[in-house]
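Let me begin by presenting the structure, written as structure tokens, before commenting on it.
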């Protein structure tokens, strides 16, 4: 046994365990607005307690732990903690990556560990709706910044003729819309376009309607509780799916429903987690993130539904292309990609 390799592995373990334990502190920082409060300027724990109304002893441990993880800076000369501009953008800016919110969904996901462990033994599924509420809110918070940065500026223009259609006024179905962030973004960017969002999860649809009302687009964005295989309407100019096809037990039937719902010259915008068809090429930090989420959320949800698929969060392009082709689509191309997503343009 190579003891140097043992020590290397233990170093990795310490980093992983420390990050796992720190997740709760990051979630608390988001929930209590601590990161946003720290953007007001450097503070000692006592000063921070006055600013936030929280107990100084708890804040002392929290601030030191955040500094140890590189999420907060520390000034030894003054005993004050602060956020750099970059940390503030990632942790406290609602229009930034909003990474702190992602820890809330991760913790919510992990609360299902006993049920997922049992599912390993039985092969049964665990539905999306059976998870802790933090999962639904946290997933929206984690993915929304990416959609805000990419959907209208980059993804829509990458599709042939779609931007012009939406600008002139089009009909859009946003399938598997969750809390409706993508639906609202499209409506805000294209005032002449109407959007119908659908999701099988009733509580997500309730929150989506609230989000649309708060954004002032409820007159052009409506929502329905419906599965991807049964959403309503036809002759859509654009059907969108954001990070959800791989969660479905029957993505083939969902793809067939999209084919039926599209206008003859319509487009299916499909966004999926980025993944290689070669398994070993997914052994990287992004792949690890997605495989972990897939183990707890994507595959269990697919196995809880009728159908012959459990694609998972790292299915790869070949598996997606196979589903799309079998559903009757004849045109399929990769239109764009980011560090986290791949964007497909699919046409009848």
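The values are calculated or read from the model by the stated rules, or taken from the named source; none is laboratory data. Keep in mind it's a predicted model, so treat the numbers as computed, not measured. Don't worry about glycine lacking a Cβ; one is built from the backbone with ideal geometry, like all the others, and counts go over all protein chains shown.
State all residues of the range 36-51 that are closer than 12 Å to residue 93 by Cα and either at pLDDT below 95 or surrounded by fewer than 17 Cβ atoms within 10 Å (Cβ to Cβ) (or both); if no residue qualifies, say none. Even if it seems obvious, please write down each step before you answer.
So in the range 36-51, the residues closer than 12 Å to residue 93 by Cα come out as 36-39.
Answer for the range 36-51, where residues must be closer than 12 Å to residue 93 by Cα and either at pLDDT below 95 or surrounded by fewer than 17 Cβ atoms within 10 Å (Cβ to Cβ) (or both): just 39.
Among residues that are over 30 Å from residue 150 (Cβ atoms), part of a helix (DSSP H, G or I) and either in the same structural domain as residue 149 (by TED's automatic domain parsing) or touching a strand residue (DSSP E or B) at 6+ places or on another chain (Cβ under 7 Å) (or both), residue 17 is not included. Scanning the range 28-40 finds one or more residues that are over 26 Å from the mean Cα position of the chain (by Cα) and either assigned by TED's automatic domain parsing to the domain that holds residue 288 or part of a loop (DSSP other than H, G, I, E, B) (or both).
Does residue 184 fit the bill of being free of Cβ contacts under 8 Å to residues at least 60 places away in the same chain, closer than 27 Å to residue 105 by Cα and either within 18 Å of the chain's Cα centre (by Cα) or in a strand (DSSP E or B) (or both)? Walk me through how you get there before you give the answer.
Details: free of Cβ contacts under 8 Å to residues at least 60 places away in the same chain: yes; closer than 27 Å to residue 105 by Cα: yes; either within 18 Å of the chain's Cα centre (by Cα) or in a strand (DSSP E or B) (or both): yes.
In short, yes.
Looking only at residues of the range 263-289 that are farther than 21 Å from residue 155 by Cβ and touching a residue at least 40 places away in the same chain (Cβ under 8 Å), we find that the one that is farthest from the chain's Cα centre (by Cα) is 264.
Can you find a residue in the range 221-241 that is without any contact (Cβ under 8 Å) to a residue 24 or more places away in the chain and under 14 Å from residue 193 (Cβ atoms)?
Start the filter on the range 221-241 by keeping residues that are without any contact (Cβ under 8 Å) to a residue 24 or more places away in the chain, which leaves none.
The answer is no, given that none of the residues of the range 221-241 is without any contact (Cβ under 8 Å) to a residue 24 or more places away in the chain and under 14 Å from residue 193 (Cβ atoms).
Just to be sure, is residue 260 in contact (Cβ under 8 Å) with a residue 24 or more places away in the chain and under 23 Å from residue 138 (Cβ atoms)? For residue 260, the condition - in contact (Cβ under 8 Å) with a residue 24 or more places away in the chain and under 23 Å from residue 138 (Cβ atoms) - is not met. The listed residues are 153, 145, 191, and the only one of them that is out of contact with any helix residue (DSSP H, G or I) (no Cβ under 7 Å at 6 or more places or on another chain) and either under 27 Å from residue 31 (Cβ atoms) or modelled with pLDDT under 95 (or both) turns out to be 145.
Looking across the range 201-224, the residues that are loosely packed, with under 15 Cβ neighbours inside 10 Å and either outside any loop (DSSP other than H, G, I, E, B) or at pLDDT below 95 (or both) come down to 202, 203, 206, 210, 213, 214. When the residues of the range 69-89 are filtered to those that are in contact (Cβ under 8 Å) with a residue 12 or more places away in the chain and in a helix (DSSP H, G or I), which remaining residue is nearest to residue 37 (Cα to Cα)? Top of the filtered list is 88.
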